[in-house]
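The values are calculated or read from the model by the stated rules, or taken from the named source; none is laboratory data. It should be emphasised that the depicted structure is a prediction, and the values quoted were computed from it without experimental measurement. Cβ coordinates were reconstructed from backbone atoms using ideal geometry, including for glycine residues, and neighbour counts include every protein chain displayed.
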Amino acid sequence: MTAKIIVGYVGKTLGDGMGVDKHGTTSRRELTTFDGVVLGTCFLSKKWPMRRSYRGSHMYQIYAHINGRDYTGRGFGEGMSVVLRETAESKRKHLTTD
């Protein structure tokens, strides 16, 4: 049984791996709970401007990988919360294992 909705916080970049400490806009990030417990990793994908928003100037499509499953949601980036739902492809892939 998996959660239908996961609420997490987008953390700082983890780098791009391979022993190189490079950090770009598409680098993996930690996804944590409010208490700082790491749930998995995520990355910010597409971004678009938000006008008249008090939360931020841009919204991002966020993809996360938690316990072998893929989730997606929209949020305002680092330090902000995001509500994630499991992707349809991930649901189909794990349909026989649940």
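From the list Ser45, Ser27, the one residue that fits, being touching a Gly at 6+ places or on another chain (Cβ under 7 Å), surrounded by 10 or more Cβ atoms within 10 Å (Cβ to Cβ), at pLDDT below 90 and not basic (Lys, Arg), is Ser27. Please verify whether Ser57 is modelled with pLDDT under 90 and surrounded by 11 or more Cβ atoms within 10 Å (Cβ to Cβ), treating the condition exactly as stated. It is true that Ser57 is modelled with pLDDT under 90 and surrounded by 11 or more Cβ atoms within 10 Å (Cβ to Cβ). The residues of segment 54-98 that are of a type outside the set (Asp, Glu), closer than 20 Å to Phe34 by Cα and outside any strand (DSSP E or B), listed by number, are Arg55, Gly56, Asn67, Phe76, Gly77, Gly79, Met80.
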